[in-house]
There are 2 protein chains.
Amino acid sequence: MAAKNTQVLMKQHPKGGVTEQDFEIVEREIPKPGPDQVLVRNIYLSLDPYMRGRMDPVRSYAAHLHPGDLMIGGTVGEVIESNVPSLPKGTYVNGMLGWQEYGVAKANELRVLDPKVAPISTALGVLGMPGCTAHYGLMEIGQPKPGETVVVSAASGAVGSVVGQIAKIKGCRVVGIAGGKAKCDYVVTELGFDACIDYKAGDMHAAFKAATPERVDVYFENVGGEIMEMVFGRLNSFARVAICGLIAQYNGQPYPFTGMRHVLVNRAKVQGFIISEHMSYWPGAITEMGGWIKEGKLKYREDIADGLRNAPQAFIGLLSGRNFGKQLVRIGPEKL
Amino acid sequence: MAAKNTQVLMKQHPKGGVTEQDFEIVEREIPKPGPDQVLVRNIYLSLDPYMRGRMDPVRSYAAHLHPGDLMIGGTVGEVIESNVPSLPKGTYVNGMLGWQEYGVAKANELRVLDPKVAPISTALGVLGMPGCTAHYGLMEIGQPKPGETVVVSAASGAVGSVVGQIAKIKGCRVVGIAGGKAKCDYVVTELGFDACIDYKAGDMHAAFKAATPERVDVYFENVGGEIMEMVFGRLNSFARVAICGLIAQYNGQPYPFTGMRHVLVNRAKVQGFIISEHMSYWPGAITEMGGWIKEGKLKYREDIADGLRNAPQAFIGLLSGRNFGKQLVRIGPEKL
């Protein structure tokens with residue numbers, strides 16, 4: 001057990017694009033668990049686009065970070081000291097302990113993981129927040145019907161890859177949008193999407209039109225910007241759009257979207273959502289997705305950066321699409 | 001009875017803004033009703049923003065007009081020749097007979113009006129398409145709850161004025177947006193809105209912020225452009241936006257909207273709709289609104305242009321907000 005607790009703080013609000021200078025790595029005392037708390041050694045940290053929004057000092061659905069605050073984030077770890085009988089030492093838990101090696105939490109802030117059911121890292125991906133985001137947004141907002149065309153951006157990512165695979169399970173035509181040939185090949189060959197448009201290939205608009213001959217019934221939006229503009233121009237009557245993220249717009253200027261007329265003309269529905277407001281949805285979705293993983297119908301891919309000190313760089317890469325699969329940071333070994 | 005049937009045709013697709021040169025006035029033979037038809041002498045023509053969309057040769061929810069086509073439009077008139085026993089001569093009817101003095105129609109294309117219940121012109125306004133549009137969009141998409149803040153643009157218009165008055169009946173705080181002091185005064189003093197922002201007054205943003213201290217829960221959108229941008233920036237969590245029209249964008253360039261991030265951050269729902277797809281909704285809404293009119297809770301105002309030949313000019317005025325109340329054209333006298 002290290003004598004200190006390495007933490008990554010937000011040093012300052014980013015000015016446009018996030019840089020490593022916006023973070024500060026510090027060593028603090030390892031906290032002591034209170035009477036109803038456990039001490040957790042963090043093993044994996046999840047890096048997710050929503051964190052970018054918390055770094056800006058603007059009104060949002062959650063309080064933003066202030067300079068000097070610990071970076072927030074989902075974690076998977078092991079209980080190493082316990083004052084809670086139901087969480088003995090050695091228990092694997094999922095929580096929101098942030099960008100640090102050690103954290104304390106109460107029982108109601110943690111979800112117990114069974115490493116025999118699935119690798120513990122999946123609690124941060126397909127069987128955690130990103131997977132539930134995909135399931136909820138697609139099924140509750142998108143409401144796909146068999147034969148409809150479902151489009152998802154950031155298609156090889158933690159959320160997009162699950163959206164597309166569930167849509168295939170539901171009998172839809174699925175078109176992904178991703179950056180680069182490797183990601184597009186993966187999405188089609190490994191995940192079974194019907195097509196994937198490479199937005200870096202230069203003929204995005206023509207390729208997208210060709211891939212959506214019957215236009216778009218459901219759009220699961222992760223990126224915004226030019227891609228959102230393009231997809232709205234292909235919406236079908238009564239299309240449903242789930243706005244999950246606008247990562248292309250998080251750094252710098254918002255993209256001037258001209259597609260609201262397509263919402264009117266097509267009587268479309270556009271809805272934003274935040275999965276943490278639908279916690280009762282998670283258990284059912286996780287159970288169903290766990291079953292699909294066992295049946296080989298739902299695949300996932302992880303992109304793991306090694307060491308907490310590399311988290312800022314990995315996060316900057318995530319924001320520009322450099323990751324390939326669910327972005328994690330390995331803070332420590334699964335077993336000491 | 002005139003020997004000819006004056007008609008207004010679309011001469012050409014507008015190039016940007018609509019001009020009088022886009023129309024042609026012709027005289028044709030008065031049609032003869034077929035075996036299951038009636039001949040109607042049109043008395044009032046309704047002018048509505050949706051007509052602008054039909055004049056562009058682009059994909060929309062309805063077929064667009066071709067050069068030489070009769071301009072479409074809702075009408076109120078009197079049956080003057082009948083081959084339908086249920087529609088004797090002298091019956092007042094509402095239909096879609098277009099910009100012309102006379103038209104033929106079948107019984108299922110007409111709605112019989114009782115001039116004792118309400119002035120027949122209201123069948124084109126508060127007790128017709130605009131009123132039902134307001135009722136449906138507010139109640140079904142907006143779903144206002146007492147105490148919530150409802151905002152409506154084009155607040156003194158045929159739709160907006162009804163939206164705001166229903167929202168007041170439902171116990172909401174209602175803020176209108178309209179162009180000019182006369183319209184704003186009318187909306188507040190006559191219609192009972194809590195506030196009205198004059199978008200021509202120069203301090204629109206500050207005035208709007210002051211008028212929405214608890215932000216915006218329901219937005220009924222009729223105009224688009226800079227006003228839409230402003231209102232989206234004040235949306236509350238779980239706000240509902242009904243996209244009814246984008247009149248500010250119908251002529252010329254679409255406005256580059258940057259507000260989609262507010263949809264995400266506020267988990268808002270944005271939905272377009274077309275009232276003609278919800279015909280089963282009309283009778284209940286009309287009955288309810290007719291009751292409110294009798295009780296003095298629902299007021300309306302008409303702006304009547306005289307003579308079919310003035311319809312193009314009145315339509316151009318409507319598109320730039322020159323009308324004050326529901327825009328009608330008087331084609332002929334109510335009684336010959």
Out of A:TYR136, A:TYR102, sole residue that is over 18 Å from the mean Cα position of the chain (by Cα), among the aromatic types (Phe, Trp, Tyr) and surrounded by 17 or more Cβ atoms within 10 Å (Cβ to Cβ)
A:TYR102
Could you run through segment B:79-135 and say how many residues are in contact with a strand residue (DSSP E or B) (Cβ under 6 Å, 6 or more places away or on another chain), of a type in the set (S, T, N, Q) and within 28 Å of B:GLY160 (Cβ to Cβ)?
2
Members of segment A:295-322 that are more than 14 Å from the chain's Cα centre (by Cα) and among the acidic types (Asp, Glu):
A:GLU295, A:ASP306
Of the residues B:GLY272, B:GLY245, which single one is crowded, with 23+ Cβ neighbours inside 10 Å, touching a helix residue (DSSP H, G or I) at 6+ places or on another chain (Cβ under 8 Å), outside the structural domain of B:VAL76 (by TED's automatic domain parsing) and within 30 Å of B:TYR102 (Cα to Cα)?
B:GLY245
Of (1) β-branched (Val, Ile, Thr); (2) under 30 Å from B:LEU235 (Cα atoms); (3) not in a strand (DSSP E or B), A:VAL84 fails just (2)
In segment B:203-281, which helices (runs of 4 or more DSSP H) lie fully inside it and hold 3 or more residues that are at the interface with chain A (Cβ under 7 Å from one of its Cβ atoms)?
B:260-265
Inspect segment B:158-166 for any residue being part of a helix (DSSP H, G or I) and within 14 Å of chain A (Cβ to nearest Cβ) and give the result as yes or no.
no
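For segment A:1-73, which fully contained strands (runs of 3 or more DSSP E) count at least 2 residues that are of a type outside the set (Val, Ile, Thr), surrounded by fewer than 20 Cβ atoms within 10 Å (Cβ to Cβ) and over 23 Å from the mean Cα position of the chain (by Cα)?
Because the criterion is at least 2 residues that are of a type outside the set (Val, Ile, Thr), surrounded by fewer than 20 Cβ atoms within 10 Å (Cβ to Cβ) and over 23 Å from the mean Cα position of the chain (by Cα), the strands (runs of 3 or more DSSP E) in segment A:1-73 that meet it are A:4-10, A:23-29.
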Take B:LYS335 and tell me if it is surrounded by fewer than 18 Cβ atoms within 10 Å (Cβ to Cβ), within 16 Å of the chain's Cα centre (by Cα) and farther than 21 Å from B:MET71 by Cα.
no
Filter segment A:297-314 down to residues that are in a helix (DSSP H, G or I) and not polar (S, T, N, Q) and give me whichever is surrounded by the most Cβ atoms within 10 Å (Cβ to Cβ).
A:PRO312
Is at least one residue of segment A:253-275 under 20 Å from the mean Cα position of the chain (by Cα) and more than 30 Å from B:PHE273 (Cβ to Cβ)?
no
For segment A:206-226, does any single residue satisfy the condition of being without any contact (Cβ under 8 Å) to a residue 40 or more places away in the chain, more than 21 Å from A:VAL163 (Cα to Cα), of a type outside the set (D, E, K, R) and surrounded by 22 or more Cβ atoms within 10 Å (Cβ to Cβ)?
no
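The values are calculated or read from the model by the stated rules, or taken from the named source; none is laboratory data. Values in this document were obtained by computation on a predicted structure and should not be read as measured data. Cβ sites come from the backbone with ideal geometry, for glycine too, and all protein chains shown count toward neighbours.
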